[in-house]
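Structure record follows, encoded as structure tokens.
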Amino acid sequence: MVVPIAKKLTAVCLDCTEPKLVDWLKAKSHDIIDVPFHDTINLGCNFMSLGRDRVIAPKASGTLIQQLRARGFEVAAVDMSEISKTGGGIHCMAQALRRDASA
């Protein structure tokens, strides 16, 4: 329900996230993309940020995809409808990624 996307940019389902956490993020100058509850319960916040403004997101998470593209992100929208029936999403299917080549 609360997923970092990039530095100071976070996807949050405001309908089901503790207001104190939202206030804390805002106090840290995070820009928040509100992911609707319906999208969230359908794993709409289960995406993967690849770094350098690139994201893999479930096709069904239309609000998130639209907001990311409006901010200049490259979004690969993937149909996860069959895979999500098992209870997992994009982030769940991947191992940890090294995002910084110098690390």
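A few points about this structure:
- Total residues in the stretch 23-55 satisfying the condition of being crowded, with 17+ Cβ neighbours inside 10 Å, touching a Gly at 6+ places or on another chain (Cβ under 7 Å) and either on the phi > 0 side of the Ramachandran plot or part of a helix (DSSP H, G or I) (or both): the figure is 1.
- Qualifying positions in the stretch 56-92 - modelled with pLDDT of 90 or more, open to solvent by 100 Å² or more (accessible area, probe 1.4 Å) and closer than 19 Å to I32 by Cβ: Q66, R69
- Residues of the stretch 1-22 classified as open to solvent by less than 30 Å² (accessible area, probe 1.4 Å) and of a type in the set (G, A, S), total: 1
- Some residue of the stretch 22-32 being at pLDDT 90 or above, hydroxyl-bearing (S, T, Y) and farther than 15 Å from H91 by Cβ: yes
- Qualifying residue in the stretch 93-103 (condition: among the acidic types (D, E), at pLDDT 90 or above and either open to solvent by 20 Å² or more (accessible area, probe 1.4 Å) or under 13 Å from the mean Cα position of the chain (by Cα) (or both)): no
- Count of the stretch 11-22 residues which are in a loop (DSSP other than H, G, I, E, B) and either in contact (Cβ under 8 Å) with a residue 40 or more places away in the chain or among the acidic types (D, E) (or both): 1
The values are calculated or read from the model by the stated rules, or taken from the named source; none is laboratory data. Keep in mind the model is a prediction, meaning the values are calculated, not measured. Note: ideal-geometry Cβ built from the backbone for every residue, glycine included; neighbour counts use all protein chains shown. SASA here: full protein model, heavy atoms, side chains in, ligands and nucleic acids out. Shrake-Rupley method; radii C 1.70, N 1.55, O 1.52, S 1.80 Å.
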